[in-house]
Amino acid sequence: MNWFEALILGIVQGITEFLPVSSSGHLQIGAALFGTNADGNMSFAIAVHAATVLSTIVVFWKIIIKLFAGLFKFQWNAETEYVAKLVVSMIPVAIAGIFFKDKVAAIFGGGLDIVGICLFVTAILLTLSYYLKPRTKNNISFIDSFIIGTAQAIAVLPGLSRSGSTIATGLLLGNKKENIAQFSFLMVLVPIIGEALLDLFKGGFADSASISSTALIVGFLSAFVSGLFACTVMINIVKRGKLVWFAIYCVIAGIVAILL
């Protein structure tokens, strides 16, 4: 992978990590178009995922500091309750990541036909969340947190958007748009960091010879900058409730994936 391919794929990762169109699916489509193996290069995957984590922290730094300040008061308050709900949302993805991720990869593989089908499923979820209008809740409940976390766990399938699945599920449960957007982006921080650490322990940079340091740095920076942009934009889009347009895009991307 050269620096230009890393630049493009880093931008793809940064944008699609937050937009409800599946970052894993788009990385596979991009890799197929370039004839490279971005998904299989673990060092590149760790770098771009670290970049999107950093962009999330930058966007939500005030909220994150507030949550930590409330948590370390060591008493039950609004911040402690919110963190507890985030932890509950991580239970399904932790179970899936530890026990089922390799099995899912072995069963479904990484073929673009699976990516295309899962993009169609993402489109259906986004469409349902746009047209179905359940009664709105003021707060995300613990049960909602677990259900949303389950949606995130299922989104391990390539082409099934993590942000699209969690936001759509939250909206279908009746949560406010601004609440579910923030919750969706914060709940993924620990799982992504945890997965990156596990990959490092497994020798994530053992394949670093197949990609130059320049390409890694370019990929990281492009994913970080594009992630900052996409995260900010996505929050505003969710508040306006325009996710149905991404459903149309997912259908088109799904068709492209299947044709490829």
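No lab work stands behind these numbers, since they all come straight from the coordinates. Predicted model, so just to flag it, every value in this text is computed and none were measured. Here the Cβ is made from the backbone with ideal geometry for all residues, glycine too, and neighbour counts use every protein chain on show.
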* Structure fact -> If one compares the long axis through the Cα atoms of helix 213-240 with the longest principal axis of the Cα atoms of the chain, the angle in degrees, nearest 10, works out at 30 degrees
* Asked: Of the peptides 4-11, 93-100, 60-67, how do they stack up when ordered by the mean number of other Cβ atoms within 10 Å, highest first?
  -> 4-11, 93-100, 60-67
* Structure fact -> Kirkwood calc, the range 3-259, C-alpha pairs only, radius in angstrom 18.4 Å
* Asked: Helix-derived [θ] at 222 nm for the chain: sum -39500 (n - 2.57) over DSSP H runs of at least 4, divide by residue count, nearest 500?
  -> -24500 deg cm²/dmol
* **Compactness relative to 2.2 N^0.38 Å, alpha carbon Rg of the range 39-95** => 1.45
* In whole Å, what is the distance between the alpha-carbon centres of the range 63-81 and the range 138-166? -> 23 Å
* Taking other Cβ within 10 Å of each residue's Cβ, how do 232, 150, 122 sort, fewest first? -> 232, 150, 122
* Order of 248, 154 - criterion: other Cβ atoms within 10 Å of each residue's Cβ, fewest first -> 248, 154
* Once you have the Cα-Cα distance between residue 255 and residue 2, take 0.36 nm times their residue separation minus that, and quote the gain in nm to one decimal. => 88.3 nm
* Does anyone have the angle between helix 42-59 and the longest principal axis of the chain? Alpha-carbon axes, 0 to 90°, nearest 10? -> 30 degrees
* To do: Evaluate E = 1/(1 + (r/R0)^6) for residue 66 and residue 133, where r is the Cβ-Cβ distance and R0 equals 30 Å; express this FRET efficiency to the nearest 0.05.
  => 0.45
* To do: Within 10 Å of each residue's Cβ, count the other Cβ atoms and sort 135, 162, 240 from fewest upward.
  => 135, 240, 162
* In square nanometres, what is one fourth of the surface area of the convex hull spanned by the alpha carbons of the range 122-200? -> 5.2 nm²
* Asked: Which number do you get for Rg(Cα) / (2.2 N^0.38 Å) in the range 118-260?
  -> 1.17
* Structure fact -> In debye to the nearest 20, the charge dipole size for the range 3-259, taken about the Cα centre with +1 at each Lys and Arg Cβ and -1 at each Asp and Glu Cβ, equals 1000 debye
* Peptides ranked, highest mean first, by Cβ atoms within 10 Å: ranges 49-59, 21-31 -> 21-31, 49-59
